[in-house]
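Have a look at the structure below before the remarks.
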Amino acid sequence: MNFISGAGALIGPILAVFVGAALVSLSLTPLIRRFVVRHEIVDLPDERRVNTVPMPRAGGLAIAAAFLAVSSLFLLLNQGLAIVAVPVPTNELAGLLLGGAAAAALGALDDFLDLRARWQLGSQVALAVFAVATGIVIDFINNPFEFGPDLIRFGGVFAAGFTIFWIVGMINSINFIDGLDGLSSGISLIASVTLGLISLSTQVNQPFVGILCFALAGSLLGFLRWNLHPATIFTGTAGVQFVGYTLAVLSVLGTAKVAVALLVLGVPIIDTFWIIVRRVSQGRSPFSADRKHIHHRLLDLGLSHRQTVFVIYGICIVLALLALLLSGVEQLYAFLGIFLAFGLVLFIPTRGAIGRPEELEADTYRSDSSDRRRPS
């Protein structure tokens, strides 16, 4: 990967938004925690959750506030200082910022009222439709194969439908992997940095989008201080919806970076796919809760809470490096390889025809303070 010629001059602005967002998020999270505890916005222990004490949620509001505040301030300063060109139309920026604020607000409503899954899905579709209405549409992707045109173009209804599917799918991928302290926020941090770096490459050449990616990364890093095991607050639906929506839109703004996002977010995306396949094959709702995700499998193998999280971080970092170093069909092969590997881990061992050891059963989880998280 080669960086654009002016990348060195952008180090200062990138560090400014990254550190600024991290400090805002770091400072806001304890304040939000006190507020949600006072109003009893917590995950209570029950038969389907693994946390044994009430845990504050909606901490993702700090991530959202930090990103929106720092990004908006950068936009204002950039108008006067002309730090970097802004090739993104105003309506699409509104789709990013206003849509992100709406995602956090609707998620916070769920954190407060504990809405049914159908209402959550409806809000996600509404957010995706809003993004499309503001002009955020995947109208082409790079052709990963060595034959045919360089670009695969979409149009009309298909482009809009694909974008809606992409945004809703991204939100749910972040939601499904949000099962251990610091897991979804750490994965999203890795993805944000990767998207930021790829935006500074000659292949994409979208430095403005790169700066926004680093603002999101800083927001996640500041929150992660309070969310790593043992967490003192969860991201909640507010954080899941905001981060999922924002990552999805940032991967579309300017030049679509769908292939890169697919690879770097391969863990939550593929985990979500196989979990849905397994649930549907068993005649259950794809949104029903269980303990069959990749992080549960790793816990079953004997890894501790923190070890499991860092193993998945390691996998995501490897995928991020592949996304940065590979291109075209190589990225596709890497994604398919991870896809099949996850299928073996997540799907085949759950089939009734295979005698699996007792330690893979969900009811063997120890209900202790190291696993304080509700399953998705």
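The values are calculated or read from the model by the stated rules, or taken from the named source; none is laboratory data. What you are looking at is a predicted structure, and each value in this text was computed from that prediction instead of being measured. Cβ atoms come from the backbone with ideal geometry, glycine included; neighbour counts cover every protein chain shown.
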Completion exercise
When every residue in the stretch 304-353 that is more than 16 Å from VAL277 (Cβ to Cβ) and not in a helix (DSSP H, G or I) is compared, the one modelled with the highest pLDDT is SER304
Problem - Single match in GLY80, GLY12 (criterion: closer than 28 Å to GLN203 by Cβ and loosely packed, with under 12 Cβ neighbours inside 10 Å) - result: GLY12
Problem - the stretch 181-196 - residue that is closer than 20 Å to GLN331 by Cα and not hydroxyl-bearing (Ser, Thr, Tyr) and, of those, surrounded by the most Cβ atoms within 10 Å (Cβ to Cβ) - result: ALA191
Handout entry: the stretch 22-36 residues that are farther than 12 Å from ASN227 by Cβ and in contact (Cβ under 8 Å) with a residue 12 or more places away in the chain, paired with ones that are of a type in the set (D, E, K, R) and outside any helix (DSSP H, G or I) (beta carbon under 7 Å, 6 or more apart)
Key = VAL36/ARG57
Exercise for the section: Can you confirm whether the stretch 276-292 contains a residue that is assigned to a loop (DSSP other than H, G, I, E, B), within 29 Å of ASP139 (Cα to Cα), over 15 Å from the mean Cα position of the chain (by Cα) and not charged (D, E, K, R)? Expected result: yes
Practice task
Could you list, in sequence order, all residues of the stretch 249-260 that are outside any loop (DSSP other than H, G, I, E, B) and surrounded by 24 or more Cβ atoms within 10 Å (Cβ to Cβ)?
Solution key: VAL249, LEU250, VAL260
Practice task
Answer yes or no as to whether GLY135 is touching a Pro at 6+ places or on another chain (Cβ under 9 Å) and more than 30 Å from PRO230 (Cα to Cα).
Solution key: yes
Completion exercise
Of those in the stretch 15-32 that are of a type outside the set (A, V, I, L, M) and buried (at least 19 other Cβ atoms within 10 Å of the Cβ), the residue farthest from the chain's Cα centre (by Cα) is GLY20
Exercise for the section: May I ask you to list pairs of residues, at least six apart or on different chains, whose Cβ atoms are under 6 Å apart, with the first in the stretch 51-70 being free of Cβ contacts under 8 Å to residues at least 60 places away in the same chain and part of a loop (DSSP other than H, G, I, E, B) and the second being surrounded by fewer than 24 Cβ atoms within 10 Å (Cβ to Cβ) and among the β-branched types (Val, Ile, Thr)? Expected result: PRO54/VAL42
Exercise for the section: Examine the stretch 120-137 for a residue that is part of a loop (DSSP other than H, G, I, E, B), within 20 Å of the chain's Cα centre (by Cα) and either within 15 Å of SER251 (Cα to Cα) or at pLDDT below 90 (or both), and state whether such a residue exists. Expected result: yes
Handout entry: the stretch 197-243, subset surrounded by 24 or more Cβ atoms within 10 Å (Cβ to Cβ) and polar (S, T, N, Q), residue nearest to the chain's Cα centre (by Cα)
Key = GLN241
Problem - Failed item in (1) within 22 Å of LYS292 (Cβ to Cβ); (2) over 10 Å from the mean Cα position of the chain (by Cα); (3) surrounded by 22 or more Cβ atoms within 10 Å (Cβ to Cβ), with ASP178 passing the rest - result: (2)
Exercise for the section: Assess whether THR246 counts as being touching a residue at least 40 places away in the same chain (Cβ under 8 Å) and surrounded by 24 or more Cβ atoms within 10 Å (Cβ to Cβ). Expected result: yes
Problem - Neighbours by Cβ (under 7 Å, 6+ apart or cross-chain): first from the stretch 119-133, more than 20 Å from ALA159 (Cα to Cα); second at pLDDT 95 or above and among the hydrophobic types (A, V, I, L, M, F, W, C) - result: SER123/LEU106
Handout entry: Qualifying position, being farther than 25 Å from LEU73 by Cβ and of a type in the set (Phe, Trp, Tyr), among PHE208, PHE214, PHE176
Key = PHE176
Practice task
Would you check which residues across the stretch 293-325 are without any contact (Cβ under 8 Å) to a residue 60 or more places away in the chain, surrounded by 16 or more Cβ atoms within 10 Å (Cβ to Cβ) and within 23 Å of ASN142 (Cβ to Cβ) and list them?
Solution key: LEU319, LEU322
